[in-house]
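Working notes for the structure below.
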Amino acid sequence: MNGSLIEQAAQRLAQLRQAGVEIPQLPASQPAPAAGAAVPPVPAPQPATVAAPAPAEPQFLSRKINLDLDALQALGVVTPQSPRSTVADQYRVIKRPLIRNAMGKGVSTITHGNLIMVTSALAGEGKSFTSVNLAMSIANEMDHTVMLVDADVARPSLPRMLGVPQGPGLLDVLNGSADMRDVLLRTNVEKLTVLPSGDPHPRATELLASDAMRQLLDDIATRYPDRIVIFDSPPLLLTTESRVLATNMGQVVVVVHADKTKQSDVQHALSTIDNCPVRMLVLNQARTASTDGYAAGYGYGYGYGYGYGYGYGEQDRVDASVSAPQKPSGAAA
């Protein structure tokens with residue numbers, strides 16, 4: 001009988017060992033169980049505990065703002081919901097060569113061709129209005145996204161025009177007090193983001209001329225191959241910020257108010273950005289005759305009064321222009 005119990009216990013131990021259960025050995029000083037004594041039960045093997053994976057960090061999404069598209073349309077801005085119009089067609093024509101240059105499909109390859117600065121010789125010529133319309137028009141493209149940067153750090157127009165809240169922006173990123181992802185604003189226009197100018201800074205010109213600015217522009221230009229960046233900059237003859245900014249741009253668009261801006265002022269403004277590889281003129285408020293069924297009037301002309309070697313004196317007025325309704329009063333300059 002005793003032999004049978006021992007044999008059963010031995011078989012049980014062997015089975016447990018085969019199952020992977022570790023059987024503790026009795027110390028040498030501890031006597032073996034007496035014959036006929038019951039073998040203490042051995043706990044069943046427990047499954048290994050697997051640590052739960054740490055939760056993934058949430059992917060960052062910049063803040064989102066809702067632009068009042070109805071109010072913008074009332075100001076004459078071409079929005080995604082706007083009907084077909086002369087102004088919309090006008091900006092389709094204006095943007096096409098800019099996009100070709102930005103994507104390296106122009107006459108020659110341009111470094112940072114997707115960085116486009118919109119400026120003017122003097123204030124009140126329509127540069128901010130042109131910047132917003134150009135950005136909106138590019139946002140309608142199937143293959144491109146657009147970032148609109150308020151680089152008029154002395155007198156920012158985009159907060160008033162777009163209803164963008166005041167707060168940190170470009171200057172704050174440059175002085176190290178804010179991160180780019182914290183100040184970039186997504187909008188309810190799917191392919192349009194906005195970078196505000198940020199809090200005023202007494203050394204704004206120096207910040208725009210800094211290595212931090214060059215590194216930021218290089219990152220902006222190369223991070224997304226489909227992105228085009230529009231900079232609404234100050235007038236060339238009134239501040240130094242725009243001239244500094246132009247040195248890092250691939251393309252510069254100079255808005256000229258027809259029958260108002262003096263040719264000498266335009267020539268002077270263009271001379272300040274001689275080093276920019278592509279300089280183009282957009283003739284604003286030009287009276288042109290309609291040939292396509294649209295009503296004639298004052299609107300936005302387009303053309304290449306200066307670019308790829310053309311001097312303003314060689315082509316005083318923009319040759320090609322399309323009539324468009326007059327810019328409503330109250331629209332930003």
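The values are calculated or read from the model by the stated rules, or taken from the named source; none is laboratory data. Computed from a predicted structure; not experimentally measured. FYI the Cβ positions are ideal-geometry reconstructions off the backbone, even for glycines, and counts take in every protein chain you see.
Quick look at the numbers
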{"quantity": "Flag if V50 is part of a helix (DSSP H, G or I) and at pLDDT below 90", "calculated": "no"}
{"quantity": "Filter result (in a loop (DSSP other than H, G, I, E, B) and either acidic (D, E) or under 18 Å from V146 (Cα atoms) (or both)) within segment 63-85", "calculated": "N66, L67, D68, V77, V78, T79, P80, Q81"}
{"quantity": "Any pair with Cβ under 9 angstrom, 6 or more apart, that starts in segment 269-287 at a residue that is closer than 25 Å to K105 by Cα and touching a residue at least 12 places away in the same chain (Cβ under 8 Å) and ends at one that is hydroxyl-bearing (S, T, Y) and part of a strand (DSSP E or B)", "calculated": "I273/T119; V282/Y300; L283/Y300; L283/S321"}
{"quantity": "Options V149, V87: the member that is touching a Pro at 6+ places or on another chain (Cβ under 9 Å), closer than 19 Å to S197 by Cβ and surrounded by 13 or more Cβ atoms within 10 Å (Cβ to Cβ)", "calculated": "V149"}
{"quantity": "Among (1) among the hydrophobic types (A, V, I, L, M, F, W, C); (2) within 16 Å of the chain's Cα centre (by Cα); (3) more than 13 Å from D150 (Cβ to Cβ) - the single one I230 does not satisfy", "calculated": "(3)"}
{"quantity": "Hits in segment 90-105 - residues which are over 21 Å from L283 (Cα atoms) and either surrounded by 24 or more Cβ atoms within 10 Å (Cβ to Cβ) or in contact (Cβ under 8 Å) with a residue 60 or more places away in the chain (or both)", "calculated": "A102"}
{"quantity": "A88, sole failed condition from (1) over 16 Å from the mean Cα position of the chain (by Cα); (2) of a type in the set (G, A, S); (3) not in a helix (DSSP H, G or I)", "calculated": "(3)"}
